[in-house]
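Q: Before anything else, here's the structure in question.
No value in this document is a laboratory result; all are computed from the given coordinates. Remember, it's a predicted structure, so these values are computed and weren't measured experimentally. Ideal geometry is used to build each Cβ from the backbone, glycine not excepted, and the neighbour counts take in all protein chains shown.
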Amino acid sequence: MPTPVGGHKQYMTFNGLVLTTGLASDVKASMKGTEIDVSSIGQNWKDFVQGQADMTLTASGVWDSGTATTSLDSIMFANMNQGGTKLFEFDPAGSATGNIMYKGNGFLSSYEVGGAVGDKVGFSAAIRSSGSVTRTTSA
C-alpha cells in the first residue's frame, strides 16, 4: 500500500525563488502528452501516434510586495519582461535526500496579482517547461 505524503512538504523553486516557503499555498505540476493523427482517408478508425510531452507548473498563494530583488513580485515581474527560460524544481514529497524531483527549464507564461477588496492580495503563476524535464531524486 502506498505511503501518503503531506502536501505541506512540497518544494518548488523558479529562478532561485523558493515558492513554497511562506508564499504559495497551492502548487502543482501538470504533465500532458500530445497526439498526432496519422489516419488515412478510407480508414474506418482514426490512427494516432504519441507526440511530444510538456509540463506546466502552477503556484498560487500570498503576494509578496517586497522591494528587494529577491522578492516574489520582483522575480516574477522581471521574468515576464526578460523572457528566456529559467531553472525550476518541483519536489512533491519535499526536498529531502531521496525524494522524487522534477527538474528542468521553463518560462513564466502567466503571473496574476490581486484579490477581493478587504482580503489578502494573492498571486498565481504558471511556468511552462521548455526542453527536457528530468525525473530524478533529490540529493
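Q: In the structure shown, do any of LYS32/LYS120; LYS46/LYS86; LYS9/LYS120 have a Cα-Cα gap over 29 Å, and if so which?
A: Too far apart for the 29 Å limit: LYS32/LYS120; LYS46/LYS86.
Q: Test of understanding: extend the Cα→C-beta vector of SER130 to 7 Å, then name every residue of segment 72-106 with backbone N under 12 Å from that spot.
A: 79-87, 105-106
Q: Excluding GLU35 itself, calculate the net charge of residues whose Cβ lies under 12 Å from the Cβ of GLU35, where each Lys or Arg counts +1 and each Asp or Glu counts -1.
A: 0
Q: Moving on to the next point. With 10 angstrom as the radius, rank GLU89, GLU112 by how many other C-beta atoms surround their C-beta, starting from the fewest.
A: Starting with the residue having the fewest Cβ neighbours, the order is GLU112, GLU89.
Q: What list of ³J(HN,Hα) couplings, whole Hz, do you get for segment 45-56 from phi and the Karplus terms 6.51, -1.76, 1.60, once you set θ to phi - 60° and write x for glycine and proline?
A: Values per residue, Gly and Pro as x: 10, 5, 10, 10, 10, 6, x, 8, 9, 8, 9, 10 Hz.
Q: Moving on to the next point. If I take R0 = 30 Å and measure r between the Cβ atoms of VAL113 and SER138 in this structure, what FRET efficiency does the formula 1/(1 + (r/R0)^6) give, to the nearest 0.05?
A: So the FRET efficiency works out to roughly 0.45.
Q: Exposure proxy check: ILE41, ILE127, ILE100, ILE75 ranked by fewest other beta carbons within 10 Å?
A: Placing the least packed residue first, the sequence is ILE41, ILE100, ILE75, ILE127.
Q: Let me check I've understood the local charge: for PHE48, count other residues with C-beta under 12 angstrom from its C-beta, Lys and Arg +1, Asp and Glu -1. What total comes out?
A: Residues close to PHE48 contribute a combined charge of -2.
Q: Would you mind computing, in nm to one decimal, how far apart the modelled labels at ALA53 and THR21 are, each placed 7 Å from Cα along Cα→Cβ?
A: Placing both labels 7 Å beyond Cα along the Cβ direction yields 2.9 nm.
Q: Starting at 0 and stepping by 10 Å, how many percent of the alpha carbon pairs of segment 6-80 end up in each bin?
A: All Cα pairs, binned at 10 Å, distribute as 15, 33, 19, 14, 12, 5, 0 percent.
Q: Turning to a different aspect of this structure: Per 10 Å bin, what percent of the C-alpha pairs of the chain does each bin hold, from zero upward?
A: Result returned by the calculation: 11, 36, 29, 15, 8, 2, 0.
Q: Another question, if that's okay. Provide Rg and Dmax in Å for segment 41-98, with only Cα atoms included in the calculation.
A: Every Cα atom of segment 41-98 included, Rg and Dmax give 19.9, 63 Å.
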